[in-house]
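What follows is a set of notes on a single structure, which appears directly below.
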Amino acid sequence: MALCCTAAEAPGFKVAKRYPVPGDGGFDYIVFDASMNRLYVSHGTKVDVLDAGSGRVLGHVENTPGVHGIAIVPALHRGFVTDGADATVTVFDTRSFATIKKITVDKDPDFTVYDPGTKRVFVCHGDAAEITAIDPETEAVTGKIDLGGGAEAAVMDAKGSGFVNLEEQATVVKFDPRALTVKEKYPIAGCRTPTGLAMDAANARLFIGCRSRVLAVMDANNGKVLATLPIGERVDAVAFDPDHRLIFASNWDGTVSVIRQKSANEYESAGDIQTQKSAKTMAFDPRTKRLFLSAAEMEPAPAGSGGRSRTRPKPGTFNVLVVERQ
């Protein structure tokens, strides 16, 4: 297993634009929808919808307390939002942004993704330690997968398998998205607290962002960790550009760590893109190769305000960063 050294700065990338977004409150996932060139941005107790090209705010999905993730089903003009504070999934119309339905799920719904192969929306739960499957046509829960640990990000390989990180166990679970069963559990050697996850499906490689400040490369066929490479602090999202064979890991410390895929088994650090402190969640546009990151200026949280964080977003400073190739 290789451990390589990082370069100081990734050439060819920079923050080209900043989209200011009105409103205050915390933020989590940001999602790019290629079908309509939109960004869905978790923010406070709502989802802000932006035009990805101009940054213009198109509307909001309201009343999503404890919002985390967003999954879009283009063919049905439906979106699904995980509401961590009340253990629901908000179903909304992507044309009007109006709420259609609230689906009750188990506690702590977080990351969510739509799988075109099974035509299901999958919701990853932290405290409930499971994945919930939702049929987007009937807008109903169709089953669950007991994982045995809190779930973070998940990906599908379009070949009959899904993969999800278990944060506390530092394990990848390989599951069947049709049968809703666990196939394998792979310990992530050299990694602690895995969060973000991306995949090179053509080569069966998983790219796992670990809070121990490494990106782990795993063979999805057998769980073998092929390499670990240094990244920034408090990673939360990972993206893969198969055309340029680059892996991006977005970190709270104000960097995006860039890893170059030399071959399916060889990787090297290509430096860091300087972004903004707090910009740990990221979306990737596979056509334009732009990266979008949510960020805000941070300030100390008031004493006795509750929650685990000692900082909070400074009012009036929330924005979306647009990173472009130069």
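The values are calculated or read from the model by the stated rules, or taken from the named source; none is laboratory data. Since the model is a prediction, treat every value here as computed from it, not as a measurement. In this analysis, Cβ positions are derived from the backbone assuming ideal geometry, glycine residues included, and neighbour counts consider all displayed protein chains. Quick note on the areas: whole protein, heavy atoms, side chains included, nothing else; ligands and nucleic acids left out. Shrake-Rupley method; radii C 1.70, N 1.55, O 1.52, S 1.80 Å.
Points to keep in mind about this one:
- Qualifying GluC sites (Glu not before Pro) in the range 69-163, DSSP loop, other Cβ atoms within 10 Å at most 13: E137
- Dipole axis of the range 130-202 (+1 Lys, Arg; -1 Asp, Glu on Cβ), positive-most option in P187, M199, V164: P187
- Those aspartates and glutamates that a straight Cα-Cα span of less than 13 Å connects to K119, excepting residues fewer than 8 apart in one chain: D135, E137, E139
- Only Lys, Arg, Asp and Glu carry charge here, each on its Cβ (+1 for the first two, -1 for the last two); on that basis the chain has a dipole of about 540 debye about its Cα centre.
- With θ taken as phi - 60° and the Karplus curve 6.51 cos²θ - 1.76 cosθ + 1.60 applied, the whole-hertz 3J(HN,Hα) list for the range 113-125 is 8, 9, 10, x, x, 9, 6, 10, 9, 10, 10, 8, 10 Hz, x standing for glycine and proline.
- FRET efficiency, S212 to D93 (Cβ-Cβ, R0 35 Å, nearest 0.05): 0.25
- Just so you know, the Rg over Rh for the range 207-266 is 0.95, from Cα atoms, with Rh as the Kirkwood radius.
- Shape descriptor for the range 90-224: Rg over Rh equals 0.98 (Cα atoms; Rh from the Kirkwood inverse mean 1/r).
- Over 27 Å apart at the Cα level, from the set K17/K101; K14/K280; K224/K262, are K17/K101.
- Kirkwood Rh in Å, taken over the range 38-166 so that all alpha-carbon pairs contribute: 14.6
- Whole-Hz couplings from phi, Karplus 6.51/-1.76/1.60, listed for the range 243-258; x for Gly and Pro: 5, 9, 6, 10, 10, 10, 10, 8, 10, 4, 6, x, 9, 10, 7, 10
- R205 long-range amide H proximity, modeled H, under 5 Å: D200, A220
- Among the GluC sites (Glu not before Pro) in the range 216-302, those located in a DSSP loop and surrounded by at most 15 other Cβ atoms within 10 Å of their own Cβ are E233, E297.
- Shape summary: the chain maps onto an equivalent ellipsoid whose semi-axes, from the alpha-carbon gyration tensor, are 27, 25, 19 Å in decreasing order.
- Residues A202 and K14, FRET efficiency given R0 of 25 Å [Cβ-Cβ distance, rounded to 0.05]: 0.30
- Along principal axes, Cα extents of the range 30-108, largest first, whole Å: 36, 26, 17
- In the range 143-282, the inverse of the mean reciprocal separation of distinct Cα atoms equals 14.7 Å; this is its Kirkwood hydrodynamic radius.
- 11 Å beta-carbon shell around P286, net charge (K/R +1, D/E -1): 0
- Taking θ as phi - 60° and the Karplus parameters 6.51, -1.76 and 1.60, the scalar couplings of the range 42-54 work out to 5, 6, x, 10, 8, 10, 8, 10, 10, 6, 5, x, 10 Hz in sequence order, x denoting glycine and proline.
- Solvent-accessible area per residue in the range 193-283 equals 31 Å², computed with a 1.4 angstrom probe and all protein chains kept.
- Proximal charge balance of L206 [Cβ under 10 Å; K/R count +1, D/E count -1]: -1
- Alpha-carbon centroid distance for the pair the range 44-105 / the range 232-307, whole angstrom: 23
- Largest-first principal axis extents of the Cα set of the range 168-235 (Å): 37, 26, 16
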